[in-house]
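Colleague: Following this message is one structure expressed as structure tokens.
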Amino acid sequence: EPEVTQTPSHQVTQMGQEVILRCVPISNHLYFYWYRQILGQKVEFLVSFYNNEISEKSEIFDDQFSVERPDGSNFTLKIRSTKLEDSAMYFCASSDRDPTNYGYTFGSGTRLTVV
Amino acid sequence: AQKITQTQPGMFVQEKEAVTLDCTYDTSDPSYGLFWYKQPSSGEMIFLIYQGSYDQQNATEGRYSLNFQKARKSANLVISASQLGDSAMYFCAMRAMDTGRRALTFGSGTRLQVQP
């Protein structure tokens, strides 16, 4: 079964450093999303991306965040200058249509730890 | 704004029994979708079931069914014949379906433990 692949599974970074979280969505999917889950808290929407541009973003997705689809397969989330409160599990998701009643396919997540 | 409330932080169920996980929601969108996701200890989010706000019948997917009561704004997940592998965190989520807004709004989750 096709899956969304995220790398790395766990990343530790120093406060103030830049990190890039990588995702390979399902190949025929056109809509891409990033969500995050701070430990023990609910999953929160960050951004959606379609046709090479951001289609929606949340208040969390401020100027320190950016997304990119640098080629036909990868979808990345960059955090420019990490803060302690950016420590969370980051999920990439994709779907082949929008809206969808099949749910989004989520990746297994990248656990980001900022020290 | 959308809001999802899951009032059960944790639930226990005996293997082979049925269990209901509660979810209530609030939205001003006339058309919306309700989703349930399972998050095992390994961390991934697994889509289980979907219910559209205009669907006349309750959704079912194998052992999962969604008890949708629109007037009460509830979308409870029923798992029949619980298995040990059902032990996980379960999240209810919703989104608007006829606007450009794509964000899923999640509840705080219910941790289900299936006991042998």
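Bear in mind these aren't lab numbers, they're just calculated from the coordinates by the rules spelled out. Everything numeric here is computed off the predicted structure, so don't read it as measured data. Here the Cβ is made from the backbone with ideal geometry for all residues, glycine too, and neighbour counts use every protein chain on show.
Colleague: Output wanted: per-residue J couplings in Hz (rounded whole) for region B:43-53, from phi through Karplus 6.51 cos²θ - 1.76 cosθ + 1.60, θ = phi - 60°, x for Gly and Pro.
Modeller: x, 6, 9, 10, 5, 10, 7, 10, 9, x, 5
Colleague: What residues of region A:93-115 lie in the reach of a label at A:H10, counting those whose backbone N is under 18 Å from a point 7 Å from the Cα along Cα→Cβ?
Modeller: Zone members listed by number: A:108-115.
Colleague: Placing +1 on the Cβ of each Lys and Arg and -1 on the Cβ of each Asp and Glu in the protein assembly as shown, which of A:L84, B:Q8, B:S41 has its Cα farthest towards the positive end of the resulting dipole?
Modeller: The listed residue farthest towards the positive side: B:Q8.
Colleague: Between B:A18, B:A103, B:A81, where does the largest GNM mean-square fluctuation fall for chain B, given springs only between Cα atoms within less than 10 Å?
Modeller: Answer for the Gaussian network model of chain B: B:A103.
Colleague: Can you list the residues, at least 5 places off or on another chain, whose amide H is less than 5 Å from the amide H of A:E56, using H built in the peptide plane?
Modeller: A:S48
Colleague: From the phi of every residue in region B:98-110, what ³J(HN,Hα) in whole Hz does the Karplus formula 6.51 cos²θ - 1.76 cosθ + 1.60 yield, where θ is phi - 60° and glycine or proline is x?
Modeller: 10, 10, x, 7, 10, 5, 8, 9, 9, x, 7, x, 10
Colleague: So the label point goes 7 Å from the Cα of A:S81 along Cα→C-beta, right? Which residues of region A:1-44 then have their backbone N under 13 Å from it?
Modeller: Answer for this model: A:15-18.
Colleague: Okay, next question. Using C-alpha positions alone, give me the convex hull volume of the protein assembly as shown per residue in cubic angstrom.
Modeller: Numbers: hull volume 28.6 nm³, N = 231.
In the protein assembly as shown, the Cα convex hull volume per residue is 124 Å³.
Colleague: Let me ask you something else. Could you give the distance between the Cα centres of region A:15-42 and region B:1-44, to the whole Å?
Modeller: 22
Colleague: Which peptide among A:2-12, B:87-97 comes first, and what is the full order, when sorted by highest mean count of other Cβ atoms within 10 Å?
Modeller: Working: A:2-12: 14.7, B:87-97: 22.3.
For the peptides A:2-12, B:87-97, the packing ranking is B:87-97, A:2-12.
Colleague: Let me ask something else about it. For A:Y102 and B:Q14, FRET efficiency with R0 = 25 Å and r from the beta-carbon atoms, rounded to 0.05?
Modeller: Working: r = 32 Å, r/R0 = 1.26.
In this case the efficiency is close to 0.20.
Colleague: Still on this model: Using 7 Å Cα-to-Cβ label points, what is the B:L84/A:T113 separation (nm, one decimal)?
Modeller: Using points 7 Å along Cα→Cβ, the separation is 3.0 nm.
Colleague: If you don't mind, another one. When the C-alpha atoms of chain B are aligned to their principal axes, what extent does each axis show, in angstrom, from largest down?
Modeller: Principal-axis extents of chain B (Cα, largest first): 44, 28, 22 Å.
Colleague: If you don't mind, there's one more thing I want to ask. Give me the count of lysine pairs in the protein assembly as shown whose alpha carbons sit under 24 angstrom apart, restricted to pairs 8 or more positions apart or on different chains.
Modeller: Qualifying lysine pairs in the protein assembly as shown: 16.
Colleague: I need the phi-derived Karplus couplings for region A:53-61: 6.51 cos²θ - 1.76 cosθ + 1.60, θ = phi - 60°, integer Hz, Gly and Pro marked x.
Modeller: Here the 3J(HN,Hα) series is 8, 6, 9, 7, 9, 9, 5, 5, 6 Hz.
Colleague: Taking amide H positions as placed in the peptide plane 1.01 Å from N, state which residues far from A:T5 in sequence (5 or more) or on other chains have amide H under 5 Å from it.
Modeller: A:V24
Colleague: Follow-up question, since we're still on this one. Can you tally the net charge around A:P70? Count Lys and Arg as +1, Asp and Glu as -1, for every other residue whose Cβ sits under 12 Å from the Cβ of A:P70. Intermediate results must be reported in sequence, preceding the final value.
Modeller: Values: positive: A:R22, A:R69, A:K78; negative: A:E68, A:D71.
Counting the neighbours of A:P70, the net charge comes to +1.
Colleague: Between A:E18 and A:S55, what FRET efficiency comes out of the Förster formula 1/(1 + (r/R0)^6) with R0 = 25 Å and r the beta carbon distance, rounded to 0.05?
Modeller: Numbers: r = 24 Å, r/R0 = 0.97.
Result of the calculation: an efficiency of 0.55.
Colleague: Defining a contact as two alpha carbons under 8 Å apart and six or more residues distant in sequence, what relative contact order in percent does chain A show?
Modeller: Computed over chain A, the figure is 39 percent.
Colleague: Excluding B:T24 itself, calculate the net charge of residues whose Cβ lies under 12 Å from the Cβ of B:T24, where each Lys or Arg counts +1 and each Asp or Glu counts -1. Working shown, then result.
Modeller: Numbers: positive: B:K3, B:K70, B:R72, B:K73; negative: B:D22, B:D26.
Counting the neighbours of B:T24, the net charge comes to +2.
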